[in-house]
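S.K.: The following block contains the structure, expressed as structure tokens.
The values are calculated or read from the model by the stated rules, or taken from the named source; none is laboratory data. Just so it is clear, the model here is predicted, and its values are computed rather than measured. Backbone-built Cβ (ideal geometry, glycine too); neighbour counts: all protein chains shown. The area values use the complete protein model at the heavy-atom level, side chains included, leaving out ligands, DNA and RNA. Shrake-Rupley method; radii C 1.70, N 1.55, O 1.52, S 1.80 Å.
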Amino acid sequence: MGAEKSEKSEKSEKSRFALGVIAALAGAAMWGLSGSCVQFLTGTYGIDPAFLTMFRSITGGMLFLLILVAVNKQTVMRMIADAHDRKMLFVFGLALFANLFTYAMTVKLTNAGNATVLQMLASVFVMLYTCLRTRTLPSVREVMALTLAIAATLIMATQGDVTTLNMPLAGLIWGVLCGISAAAYIVLPKETSLADRYGSLNVTGIGTCFSALFALICALCLEMSGIDIFANAGSIDATGWVVIFVGIILVGTIGAYGLYLYGVSVVGNVRGSLLGAMEPVSATAFSALWLGTVFSGFDMAGLVLMILMLVLITKRPARQDSTD
């Protein structure tokens with residue numbers, strides 16, 4: 001009887017792990033779609049990345065809050081009422097906003113390819129943090145997966161010419177900050193036990209609301225400094241607004257962060273950060289199908305490496321992250 005119960009428990013754990021992997025991959029893929037949407041909006045309408053960051057944070061935060069209040073108002077009230085949890089959610093919201101803004105700044109100062117490469121540094125930071133915190137070395141599987149993910153992203157972003165990574169110092173600094181902020185929002189929900197106590201969707205939703213607050217403050221500061229982030233907003237037509245609301249806010253913010261951070265809460269910080277490598281795969285695919293970007297041999301090589309990485313990282317190992 002006990003053996004049968006243990007077998008059922010093991011099957012349940014495997015199913016939960018598989019669901020976490022799927023959720024993380026889906027969230028990262030949605031983020032890739034939102035990147036293509038940003039490329040479309042900035043290229044077609046000349047929209048300032050700072051405007052998109054502000055608009056997606058504020059609108060996404062409001063929609064997230066409405067959904068959470070309608071579905072689980074009591075949990076939301078408990079999260080906000082607790083002073084310590086409120087402080088942690090505030091920090092988490094700052095990490096979410098920082099990631100959106102630093103990514104946009106990196107794209108502006110360099111290009112989308114370089115920004116993607118630098119954001120992949122999040123996997124390195126998460127792995128280093130986990131190793132230092134637990135005082136253990138990463139597994140061979142994790143190191144191999146990390147190497148494949150970085151190599152694949154580098155190949156796809158540079159098209160085999162590493163000299164294209166030459167960039168201004170400001171772009172490099174913003175890119176490193178982008179990687180750090182991505183690592184922070186991946187680690188915080190589990191490290192603070194917020195995801196375990198309230199659920200990743202609730203934590204992500206309230207964190208997005210706090211992110212909106214930072215976005216509003218940033219927008220006001222930019223306007224006061226003479227930088228008009230609303231300059232080309234009036235040129236957006238009906239198609240552009242559909243792309244903003246559906247592609248960037250519903251899919252790229254609510255869907256992407258909600259699913260991805262749920263997946264991380266299940267599979268762990270290290271594996272979750274590596275599964276985020278689905279983003280450049282998704283971005284490449286959507287760019288080809290929607291924006292007409294042509295696949296190259298280097299793109300295909302990068303995709304093959306990504307698939308190998310996913311095969312390595314999606315198999316549930318016997319040893320789990322200490323943060324699981």
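S.K.: Using a 10 Å cut-off on Cβ atoms, rank the peptides 120-132, 95-107 from the highest mean neighbour count down.
M.R.: Averaged packing, sorted descending, gives the order 95-107, 120-132.
S.K.: Using Cα springs under 10 Å in a Gaussian network model of the chain, which residue among 230, 245, 40 shows the largest mean-square fluctuation?
M.R.: 230
S.K.: Let me see the pair-distance distribution of the range 1-153: every alpha carbon pair, 5 Å bin width, integer percents in order.
M.R.: 1, 7, 9, 14, 15, 16, 15, 12, 6, 2, 1, 1, 0, 0
S.K.: Any idea what Rg and Dmax come out to for the range 167-306 if you just take the C-alpha atoms, in Å?
M.R.: So, for the range 167-306, Rg and Dmax equal 17.8, 47 Å respectively.
S.K.: If I compute solvent accessible area with a 1.4 Å probe over the protein chains, what percent of it on the chain is carbon and sulfur?
M.R.: Within the chain, the accessible surface is 71 percent carbon and sulfur.
S.K.: Let me make sure I get this right: for the range 190-233, a, b and c are the square roots of the gyration tensor eigenvalues over alpha carbons, sorted descending. Under 1.5 in a/c it's rounded, otherwise prolate if a/b > b/c, else oblate. Which is it?
M.R.: The shape class here is prolate.
S.K.: In bins 10 Å wide, starting from 0, what share of all Cα pairs of the chain does each bin hold, as a percent?
M.R.: Taking every Cα pair in the chain, the percentages come to 6, 26, 35, 24, 7, 1, 0, 0.
S.K.: Based only on Cα atoms, what Rg/Rh ratio does the range 5-59 have, Rh being taken as Kirkwood's radius?
M.R.: For the range 5-59, the value is 1.35.
S.K.: Among the complete DSSP H segments of the chain, which ones combine at least 24 Å of alpha-carbon extent along their axis with a mean Kyte-Doolittle hydropathy of 1.6 or more?
M.R.: 140-158, 200-224, 297-314
S.K.: Now, a different point. Just the accessible area per residue of the chain, please: how many Å² with a 1.4 Å probe?
M.R.: Value for the chain: 46 Å² per residue.
S.K.: Compute the length gained on full extension between residue 134 and residue 87: take 0.36 nm times their separation in residues and subtract their Cα-Cα distance, giving the result in nm to one decimal.
M.R.: Length difference between fully extended and current span is 14.5 nm.
S.K.: Count the lysine pairs in the chain whose Cα atoms sit under 16 Å apart, keeping only pairs 8 or more residues apart in sequence or on different chains.
M.R.: For the chain, qualifying lysine pairs total 4.
S.K.: Let me ask something else. For residue 235, tell me the accessible area in Å² from a 1.4 Å probe, rounded to the nearest 10.
M.R.: 60 Å²
S.K.: Want the number for residue 159 to residue 44: 0.36 nm per residue separation, take away the alpha-carbon distance, what's left?
M.R.: Roughly 39.0 nm would be gained on extension.
S.K.: Now for a different question. Please work out whether the range 134-242 counts as rounded, prolate or oblate from its C-alpha gyration tensor, where a ≥ b ≥ c are the square roots of the eigenvalues and a/c under 1.5 means rounded, while otherwise a/b larger than b/c means prolate and anything else oblate?
M.R.: Note, shape of the range 134-242 comes out oblate.
S.K.: Any chance you could check the Cα centroid distance between the range 221-249 and the range 46-87 for me, in angstrom?
M.R.: Measuring centre to centre over Cα atoms gives 20 Å.
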